[in-house]
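The values are calculated or read from the model by the stated rules, or taken from the named source; none is laboratory data. Worth saying up front: this structure is predicted, and the values here are computed from it rather than measured. A quick note on method: Cβ atoms are made from the backbone with ideal geometry, for glycine too, and the neighbour counts reach across all protein chains shown.
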Amino acid sequence: MARAAGRAAALVAAGIFVSRILGFVRERVFAHYFGNAAAADAVRAALKIPNLIRNLLGEGTLSASFIPVYARLLESEDPRAARALAGAVASLLLVATGVAALLGLAFAPLITAVVAPGFDRETRRLTVTLVRVLFPMSGLLVLAAWCLGVLNSHRRFFLPYAAPTLWNVAQIAVLIALGGVTAGGELAVWLAWGTLAGAALQLAIQVPTALGLAGSVDFRPSLAVHGVRDVLRAWTPVVIGAGVVQISSLVDTLLASLLEPGAVASLGYAQLLTNLPIALFGVSVAAASLPELSREAAGPEAREALRARLADGFRRIVFFVLPCAFAFAVLAEPIVRLLFQTGRFGARDTTLVSGVLAAYSLGLVGYATVKLFASGFYALQDTRTPVTIAASSVIISALLSLMLMPYFGPAGVALGSGLAATYNMVMHLVHLERRTGAVFRHADRRALAVALVASGVASVVGLAGARLGASIGPIGAALVAPVAFAAAYLGVARGAGHPDAARLAAILGRWLSP
C-alpha cells in the first residue's frame, strides 16, 4: 500500500516539478519586464477571478467529488456506467463554464472594482481589459481538470500534472518575443492572450489520453445519468468550501490593493515560492491518496486503513515541507534576490517580497497538509466538516490581516493568512481524530520531532552558509546557503533514523553512484 502510494505521489510530484520549474522561469521573465509596478498588480488581480472559477469547478472540487464516484464505478462490473458519468460531468462543466465566461465578459468592470478597489483609475482600466481576455481561460482549465480526474482514476498521474508546462511556455514565449519592443499595459494585454493560448494547449495535450481511457464517452448534460447526483451531492459542499478558500485569497488581494503599488504583485511572487513545496509534496501526496482512500473507505477495516494512510501522508509531507518553511523564514532575501532581482525588479522589491515570503512560511505546513486531511473526510463521504472549518479560518485570516497590515504592509496580509492556515490544519486533524481515533502513533510523533529538530539545525547552518557565500557575492550567498541547509537537514534527519530521510538518501545514492 505504502509503496504504491509513494510511487503515485512521486509521479504527481515529478509532473508538478516539471511544471513548476517552467513556472519559475516564467516568473523570472515576468519580473524582468514588469518588476513590481502597477502593470504587475493588474496582471495578478486579473488572474484572480478566472482562477477562482477554475478552483471552484476544477481540479480541487473534482478530486473530492468526481474521482471517488468514478473510481467506484470503474471497479464495478459495468464500466459503461463510468463512461456515462464521465461524459455527463464533462458536459455539465462545459455548460457551467460557458455561462461563467459570458458573465465575466459582461461584468468585468464590477469584478475589478470588487477584487481591487484600491487601484488607481489607469490600473483599474487595464485590469478590466485583462479580465475580459482571461475569463474564457477558466473554462479551458476546468475541462483540463476533468481530464485530470479521469487520468488519476485510471492511475495515470504524470501527464495531467506536467501539462501546465505548456501554459508556462506560452507566457514565456510572449514575454521574450515582445518584452523588448513593448512594455507596461500593452505588454500585459499581449501576455493575457498568451496565457489564454497556453490554457488551450494544456487542455489539448490531455484530451486524447483521457478519452482513450474513458472509452466511448457520450457528451450529454444530463442529471439522470447514474452517479451524477452522487457527484453533485458531494460537489455542493466542496464547492462551498473551495469558495470559502477562494474568498480568503480575494480578501488578501483586496486588502493588498489598498496598500502601496506593488503590494498585490509582491503577494504573487511570494505565493509562487510557497506553492512549490505545497504542490510538490502536499498536492502530490493528497492526489495519490484520494483514489485509494475512496476504495478503502468501504472496506471492513476502513478506519485503521484511513488512519494509517493519513499518518503516512502527513509524515511524508512534513518531512519535505517543514524545512522549506524554515528556509523561507531565514533565507528569504537571498532566495528572492537570486530568483527575481533582474531588470525592473530591484533591491527594494527584493526586500518587500522577502518579508511577505517569511510571513507566509509560518503557515506553509498548514497549507500543504490540509488537502490531505480534507481528502480523509471526502473518503468518508463527509464534505461538510471541511467547509465549516474553512469558513472559520477565512474569518480569522481576514481579522488578523486587518490587524497586522497597518504595521507590516503586505507582509501583514501574508502573516494573517499563514496563521489562519495553521488553525485550519489543526482543526481538520482534531475533527478527523473523532472519526478515526488518534491519527499519529509513537513512531509518527517521533518522526515529526526529528523533522523539527533537523530543520532548526539546518537553519543555523544555512545562515552560516549565507554569510560565507556573501563573501563571494549575492549569487554565492543564494547558492551556498540552500545547499548547506539541505545537506544539514538530510544529515541530521538521516542520523536520527527518520524513515523518509533513509529512503531519500538511498535514492540519492543510486543517482550519484557511477
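Restricting attention to segment 173-230 and to residues that are among the hydroxyl-bearing types (Ser, Thr, Tyr) and under 29 Å from the mean Cα position of the chain (by Cα), the residue that is nearest to Ala84 (Cα to Cα) turns out to be Thr209. Being of a type in the set (A, V, I, L, M, F, W, C) and closer than 30 Å to Thr209 by Cα holds for only one residue in Val133, Val181, and it is Val133.
Can you find a residue in segment 199-206 that is in the same structural domain as Asp41 (by TED's automatic domain parsing) and over 17 Å from Pro136 (Cβ atoms)? Yes: segment 199-206 contains one or more residues that are in the same structural domain as Asp41 (by TED's automatic domain parsing) and over 17 Å from Pro136 (Cβ atoms). Only residues that are over 26 Å from Ala188 (Cβ atoms) and touching a helix residue (DSSP H, G or I) at 6+ places or on another chain (Cβ under 8 Å) were counted across segment 88-126, and they come to 7. Among residues of segment 208-224 being part of a loop (DSSP other than H, G, I, E, B) and hydrophobic (A, V, I, L, M, F, W, C), the one that is surrounded by the most Cβ atoms within 10 Å (Cβ to Cβ) is Val217.
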